[in-house]
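Reading through the structure tokens given below for one structure.
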Amino acid sequence: MTALPPDDPSCLDTLLRWRRDVRHFRPDPLPPETLDALLASACLAPSVGLSEPWRFCQVTSAARRRAIRDEFERCNAIATAGRGVDRNDYARLKLAGLDQAPHHVAVFSERDPAQGRGLGRMTMPETTVWSTMMAIHTFWLAATARGVGVGWVSILDPARVAACLDAPLAWEFVAYLCVGRPLERADTPELERRGWERRRPETARWHVI
Ligand SMILES: Cc1cc2nc3c(=O)[nH]c(=O)nc-3n(C[C@H](O)[C@H](O)[C@H](O)COP(=O)(O)O)c2cc1C
């Protein structure tokens, strides 16, 4: 085990700045060791009561991947139809790399994990899902550090995804991730580059209460 290096946030800051939601992938698959390394890193995330409620699934069946893609198309068509004046802008956005990404990863959260013995979640049961979110973010950063892209797809109906993937009832769907080598690297979110939204300095200000 290597010792913790001396304080130097610059490397992490660079990683955070270059982490992107990726929607354009090269089709070549990653070596299995790389996927394993990403999962191992994700498992270093904090979790309520050390419950480790995350369940990462590789979706390899072509039929299941197609079903998820169809589900995305269905939900995105509803989302597009429900938009107002910005419908055309929305329709032009690319909101998933499901067709190109070599790997699909569905992430679930155990609803009531025995591990952790309930510590910390009596008043806030949602902390299990938040713990799973922490693991996803850690996975995302670990991927960025290895030149791997991750794209989060949430334009899906969770119940339909769970059914399509035959997930146990005890698991709650949290995220569907497209994973693979990105076509490009960027230090600015794609939604900003496409003029949809931008980062705002006011969100980086402290509220003092
Ligand atoms: C909970 C969550 C859900 C998201 N769902 C989608 C999605 O369905 N489609 C998509 O294109 N991006 C999705 N994103 C990615 C965001 O659009 C992206 O994080 C944001 O635009 C900032 O860009 P960046 O991640 O490259 O910094 C999601 C991100 C999060 C955290």
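The values are calculated or read from the model by the stated rules, or taken from the named source; none is laboratory data. Note that the structure is a prediction, hence the values are computed from the model and not measured. Glycine gets a Cβ as well: all are built from the backbone with ideal geometry, and neighbour counts include every protein chain shown. For accessibility, only protein heavy atoms count, side chains too; no ligands or nucleic acids. Shrake-Rupley method; radii C 1.70, N 1.55, O 1.52, S 1.80 Å.
With a probe of 1.4 Å, find how much accessible area the chain has per residue, and write the answer as a whole number in Å².
Heavy-atom accessible area per residue stands at 61 Å².
From the mean inverse distance of alpha carbon pairs (Kirkwood) and the Cα radius of gyration, derive Rg over Rh for the chain.
0.97
Return the sequence-ordered ³J(HN,Hα) values of region 180-187 in whole Hz as given by the Karplus equation 6.51 cos²θ - 1.76 cosθ + 1.60 applied to θ = phi - 60°, using x for Gly and Pro.
x, 6, x, 5, 8, 10, 8, 9
For the residue pair Ala81 and Ala3, what label-to-label distance in nm results when each label sits 7 Å from Cα along the Cα-to-beta-carbon direction?
6.4 nm
In whole Hz, with x marking every Gly and Pro, tabulate ³J(HN,Hα) for region 11-19 from phi via Karplus 6.51 cos²θ - 1.76 cosθ + 1.60, θ = phi - 60°.
In residue order, the calculated couplings are 5, 5, 4, 5, 4, 5, 5, 9, 5 Hz.
Let's test the formula: R0 of 30 Å, r as the Cβ-Cβ distance of Glu73 and Asp166. What FRET efficiency results, to the nearest 0.05?
Efficiency computed from Cβ-Cβ geometry: 0.90.
May I ask you to give the percent of accessible area on the chain that is carbon plus sulfur, with a probe radius of 1.4 Å?
For the chain, the apolar C and S fraction of the accessible surface comes to 57 percent.
Could the peptides 5-17, 37-49, 96-108 be put in order, highest first, of the mean number of other beta-carbon atoms found within 10 Å of their residues?
Most protected by this proxy first, the peptides run 96-108, 37-49, 5-17.
If you stretched the chain out fully between Asp36 and Leu50, how much longer would it get, using 0.36 nm times the residue separation minus the C-alpha to C-alpha distance?
3.0 nm
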